[in-house]
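These notes are about the structure you will find just below.
The values are calculated or read from the model by the stated rules, or taken from the named source; none is laboratory data. Here the structure is a predicted model, which means the values were calculated and not measured. Glycine gets a Cβ as well: all are built from the backbone with ideal geometry, and neighbour counts include every protein chain shown.
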Amino acid sequence: MTNVKTKMDAVINNIEKVILGKTTEIKLVLSAFLAGGHVLLEDVPGTGKTMLAKALARSFDVDFSRIQFTPDLLPSELTGINFYSPKTGDFTFRKGSLHANIVLADEINRATPRTQSGLLESMEERQISVDGTTYKLDSPYFVIATQNPIETQGTFPLPEAQLDRFLVQLNLGYPQTDESVNIIKNAVTGTPLEKLLPVCSKEDFTGLSAAAREVFIADDVYAYMVQLAEATREHESVALGISTRGVISLARLAQAYTAIEGGEFVKPQDILLLLPYVFAHRIALKGGIKNRKSAIASVLEEIAAAVKPPTENWKGA
């Protein structure tokens, strides 16, 4: 996995020219990218979500599309539409905003459920259907969706079916004081994003993604992930626990994260590190708990403490 680490270190260093102090978050986004998943960024405005998406697209030299989700956004604006040309007498397909390699769905919870569902097929199947015709989307295809956790008026919460399509949910948070000073200085003195040059390509992505899938996972580690998921289903505070698809998502993310770190096999501690980012948004709690995030965090801490990690032969030796 040396080649993966070398390439990813170059991408991380490139992105960190505009996103400072967020190495862990950048690695998680890159891991989801290599694993073929999608990311939901839940954070307040001005923390660098759009900048991160643009920097990733520039680093891989791929097509980028930003969609501002609003209540009046139509599904056809995402997928595309067939329009009639009087000159030719034929219908011509005009591509929508989803036809890109990296798509930023900004404030996704401000669009209606009908429009939100327009993303489902593209995220899961890497294709869209318009008037009975299916159009394959180019690879790589990566959706970064954002939502503001503070402003809820006029929003449409994402249903469980759509939340489950996101491999990872995380927040960037505010930078430290020194990092904030450097970010502001860079913004005042120039436009660092415009100066970013590609350090990888589409062809590189194909090879890197394939290499990540070769990272070894021992049977004991597979069993550990399943036991953690089963514990969420049995917890007294949980109404809906982690499905098999959630465990598959954790395994794929762990492979990609391990490859980025230069490892050859997934370790139990990697599973614990990645657990909250994959499981938290997939868990539904019983009752009307107001502070959902802290409650789920407590549940996952209890589960992580109760389920013993493998201690022997987990390397597959």
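Computed values, structure above
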{"item": "Whichever residue in region 6-26 is charged (D, E, K, R) and surrounded by fewer than 16 Cβ atoms within 10 Å (Cβ to Cβ) and, among such residues, is farthest from Ile183 (Cα to Cα)", "result": "Asp9"}
{"item": "Within region 146-173, tally of residues that are hydrophobic (A, V, I, L, M, F, W, C) and in contact with a Phe, Trp or Tyr (Cβ under 7 Å, 6 or more places away or on another chain)", "result": "2"}
{"item": "Ala251 vs. criteria in a helix (DSSP H, G or I), more than 19 Å from Leu170 (Cα to Cα) and outside the structural domain of Leu40 (by TED's automatic domain parsing)", "result": "no"}
{"item": "Boolean, Gln162 is over 15 Å from the mean Cα position of the chain (by Cα) and in contact (Cβ under 8 Å) with a residue 40 or more places away in the chain", "result": "no"}
{"item": "Qualifying residue in region 62-77 (condition: under 26 Å from Ile150 (Cβ atoms) and surrounded by 22 or more Cβ atoms within 10 Å (Cβ to Cβ))", "result": "yes"}
{"item": "Checklist (1) within 24 Å of Val44 (Cα to Cα); (2) out of contact with any strand residue (DSSP E or B) (no Cβ under 6 Å at 6 or more places or on another chain); (3) of a type outside the set (Gly, Ala, Ser); (4) surrounded by fewer than 19 Cβ atoms within 10 Å (Cβ to Cβ) applied to Gln116, failing item", "result": "(4)"}
{"item": "Qualifying residue in region 32-53 (condition: polar (S, T, N, Q), surrounded by fewer than 21 Cβ atoms within 10 Å (Cβ to Cβ) and over 19 Å from the mean Cα position of the chain (by Cα))", "result": "no"}
{"item": "Entirely in region 133-173, the strands (runs of 3 or more DSSP E) that have 3 or more residues that are over 20 Å from Pro71 (Cα atoms)", "result": "133-136, 168-170"}
{"item": "Total residues in region 286-303, condition at pLDDT 85 or above and touching a helix residue (DSSP H, G or I) at 6+ places or on another chain (Cβ under 6 Å)", "result": "3"}
{"item": "Conditions (1) over 20 Å from the mean Cα position of the chain (by Cα); (2) of a type outside the set (Asp, Glu); (3) part of a helix (DSSP H, G or I): number failed by Val199", "result": "(3)"}
{"item": "Identity of the residue in region 80-108, surrounded by 21 or more Cβ atoms within 10 Å (Cβ to Cβ) and not in a strand (DSSP E or B), that ends up nearest to the chain's Cα centre (by Cα)", "result": "Ile108"}
{"item": "Residue that is surrounded by the fewest Cβ atoms within 10 Å (Cβ to Cβ), among those in region 124-173 that are β-branched (Val, Ile, Thr) and more than 24 Å from Ile248 (Cβ to Cβ)", "result": "Ile150"}
{"item": "Residue that is farthest from Ile15 (Cα to Cα), among those in region 174-224 that are among the hydroxyl-bearing types (Ser, Thr, Tyr) and crowded, with 18+ Cβ neighbours inside 10 Å", "result": "Tyr224"}
{"item": "Those residues of region 254-298 which are aliphatic (A, V, I, L, M), loosely packed, with under 14 Cβ neighbours inside 10 Å and in a helix (DSSP H, G or I), in sequence order", "result": "Ala297"}
{"item": "Counted residues, region 189-235 - those being hydroxyl-bearing (Ser, Thr, Tyr), without any contact (Cβ under 8 Å) to a residue 60 or more places away in the chain and within 20 Å of Pro310 (Cβ to Cβ)", "result": "1"}
